[in-house]
Amino acid sequence: MVRVYFDRDANLDIIKDKVIAVIGYGSQGCAQAQNMRDSGLKVIIGLRPKGESWKRAKDDGFDVYTIPEAARIGDIIFMLVPDMVQPAIYREYIEPNLSEGKVLDFAHGFNIHFKQIVPPKNIDVMMVAPKSPGPRLRETYLSGFGVPALIAVYQDYSGKAKDIALAVAKALGCTRAGVIETTFKDETESDLIGEQTVLVGGLIELIKKGFEVLVECGYPPELAYFEACNEAKLIMDLIYQRGVIGMLKAVSDTAKYGGLTVGPKVIDEHVKENMRKAARDVQSGKFAQEWINEHASGEKTLRDLMKEIEEHPLEKVGAFIRRMSGLEK
Ligand code: NAD
Ligand code: MG
């Protein structure tokens, strides 16, 4: 079993006199900055002067600086701009301001692990990766709890990098739930493999193909949508709250028997082999290079794929059902 750290394992004293510079004020930046401020830390924000986030961060009562200014003033620098934007921002604005003993913090290991950012040796490099989108991180903090997080140390110049990471996790509220120590490599690779094979990639294809088969069989798309998509949430909620066995106990015996006998024939060894291939492409760096190239050349493939999904009947009927259910206007 992995070791889990809680509030009692972390001490805010080690960072209470440090200036924390949060670069980026999006999903994570906004939530992390506010949680840390409410935990009593000195937080400033670094942004593009004409960017949309500038006003938002000001309205939220933060001292906002340009990115190089914030990086110069900050002792602990949080890289919370999108992953594909980080390398250029780092080279241009952060690196020139990284004096000895500073701390560089990430919420995802991509750029360090795949060497898109190569920090100098005389600073600490660490990660605190909350396992939720920013708004949920903020919400659970305000409710008096927190979301779990991963921490990792890539470079420990001060000899205190892990204590600093734990203190940050505490200030974010994450040690109230529990924090697991990992490595940049494991966090990055498992995150990418998980989102490709299960969470984003796997789920979309499972739902989409299930929907297509039902429609091919001649059932109305509205029915197909309920069966292949809507109810997936109800099943997932049960698994999330009670585990697979808890879910199985909650559905009918017919669903149990059909699911357990037919499921493995549908998602079969062949699918698992495809997952292994995806995992290998992440581990070898092949996927990372492909995505870096795609970003550098303007993300046309990504735009085309988004458009294709937008036009899929699943999305058309989905919009109708969501309006009907009062989920969308
Ligand atoms: P985001 O897209 O929500 O926020 C980006 C912010 O960065 C913007 O609000 C803006 O202030 C700034 N920004 C965007 N483009 C910029 C540019 N070209 N130049 C300068 N500033 C720019 O990003 P996010 O989802 O908060 O991701 C930040 C980090 O957190 C990433 O490393 C990501 O992997 C990680 N992370 C995200 C989540 C999540 O659920 N969103 C969860 C865990 C970790
Ligand atoms: Mg991910």
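The values are calculated or read from the model by the stated rules, or taken from the named source; none is laboratory data. Treat the numbers as computed from the prediction; the structure is a model and nothing was measured. Because the Cβ atoms are built from the backbone with ideal geometry, glycine has one as well, and the counts that use them run over all protein chains shown. Please note that ligands, DNA and RNA were not included when accessible areas were found on the heavy atoms of the full protein model with its side chains. Shrake-Rupley method; radii C 1.70, N 1.55, O 1.52, S 1.80 Å.
Return the residue satisfying two criteria in turn: it lies in segment 118-133 and is more than 15 Å from ligand 2 (Cβ to nearest atom) and over 14 Å from residue 78 (Cα atoms), and of such residues it is most open to solvent (accessible area, probe 1.4 Å).
121
Can you tell me which condition residue 136 does not meet? The list is (1) open to solvent by 10 Å² or more (accessible area, probe 1.4 Å); (2) more than 19 Å from residue 36 (Cα to Cα); (3) within 16 Å of ligand 2 (Cβ to nearest atom), and all the others hold.
Among (1) open to solvent by 10 Å² or more (accessible area, probe 1.4 Å); (2) more than 19 Å from residue 36 (Cα to Cα); (3) within 16 Å of ligand 2 (Cβ to nearest atom), residue 136 violates only (2).
Go through (1) within 16 Å of ligand 2 (Cβ to nearest atom); (2) within 15 Å of residue 27 (Cα to Cα) for residue 110 and report which single condition fails.
Here residue 110 meets the rest and fails (2).
Hey, residue 251 hits all of (1) touching a Gly at 6+ places or on another chain (Cβ under 9 Å); (2) open to solvent by less than 50 Å² (accessible area, probe 1.4 Å); (3) within 16 Å of ligand 2 (Cβ to nearest atom) but one; which does it fall short on?
Here residue 251 clears every test but (3).
Tell me the residue from 212, 181, 187 that is within 13 Å of ligand 2 (Cβ to nearest atom), at pLDDT 95 or above and either charged (D, E, K, R) or open to solvent by 50 Å² or more (accessible area, probe 1.4 Å) (or both), please.
Working: 212 fails: within 13 Å of ligand 2 (Cβ to nearest atom); 181 fails: within 13 Å of ligand 2 (Cβ to nearest atom).
Selected residue: 187, the only one of 212, 181, 187 that is within 13 Å of ligand 2 (Cβ to nearest atom), at pLDDT 95 or above and either charged (D, E, K, R) or open to solvent by 50 Å² or more (accessible area, probe 1.4 Å) (or both).
Say we look at segment 1-45 and pick out the residues that are surrounded by 15 or more Cβ atoms within 10 Å (Cβ to Cβ) and among the basic types (Lys, Arg); which of these is nearest to the chain's Cα centre (by Cα)?
37
Out of 193, 207, which single residue is in a helix (DSSP H, G or I) and within 11 Å of ligand 2 (Cβ to nearest atom)?
193
Answer yes if at least one residue in segment 225-239 is surrounded by 16 or more Cβ atoms within 10 Å (Cβ to Cβ), within 30 Å of residue 284 (Cα to Cα) and in contact (Cβ under 8 Å) with a residue 60 or more places away in the chain, and no otherwise.
no
Checking residue 89 against (1) touching a residue at least 60 places away in the same chain (Cβ under 8 Å); (2) within 16 Å of ligand 2 (Cβ to nearest atom); (3) open to solvent by 10 Å² or more (accessible area, probe 1.4 Å): exactly one of these is not met. Which one?
(2)
Condition (residue is open to solvent by less than 30 Å² (accessible area, probe 1.4 Å), among the charged types (D, E, K, R) and touching a residue at least 60 places away in the same chain (Cβ under 8 Å)) applied to segment 163-176: is it met by at least one residue? Reasoning before the result, please.
As a first pass, look at segment 163-176 and keep what is open to solvent by less than 30 Å² (accessible area, probe 1.4 Å): 164-169, 171-175.
This time we only want the ones that are among the charged types (D, E, K, R), so: none.
No; the residues of segment 163-176 include none that is open to solvent by less than 30 Å² (accessible area, probe 1.4 Å), among the charged types (D, E, K, R) and touching a residue at least 60 places away in the same chain (Cβ under 8 Å).
Check every one of the helices (runs of 4 or more DSSP H) wholly within segment 254-329 and list those with 2 or more residues that are over 21 Å from residue 196 (Cα atoms) and modelled with pLDDT of 95 or more.
Answer list for segment 254-329: 313-324.
Select from segment 96-109 the residues that are surrounded by fewer than 23 Cβ atoms within 10 Å (Cβ to Cβ) and not in a loop (DSSP other than H, G, I, E, B) and list them in ascending order.
96, 97
With the requirement that a residue be assigned to a loop (DSSP other than H, G, I, E, B) and either over 18 Å from residue 32 (Cβ atoms) or in contact (Cβ under 8 Å) with a residue 60 or more places away in the chain (or both), what does segment 139-160 give you? Explain how you work it out, then say what you get.
As a first pass, look at segment 139-160 and keep what is assigned to a loop (DSSP other than H, G, I, E, B): 143-148, 156-160.
Those that are assigned to a loop (DSSP other than H, G, I, E, B) and either over 18 Å from residue 32 (Cβ atoms) or in contact (Cβ under 8 Å) with a residue 60 or more places away in the chain (or both): 156, 157, 158, 159, 160.
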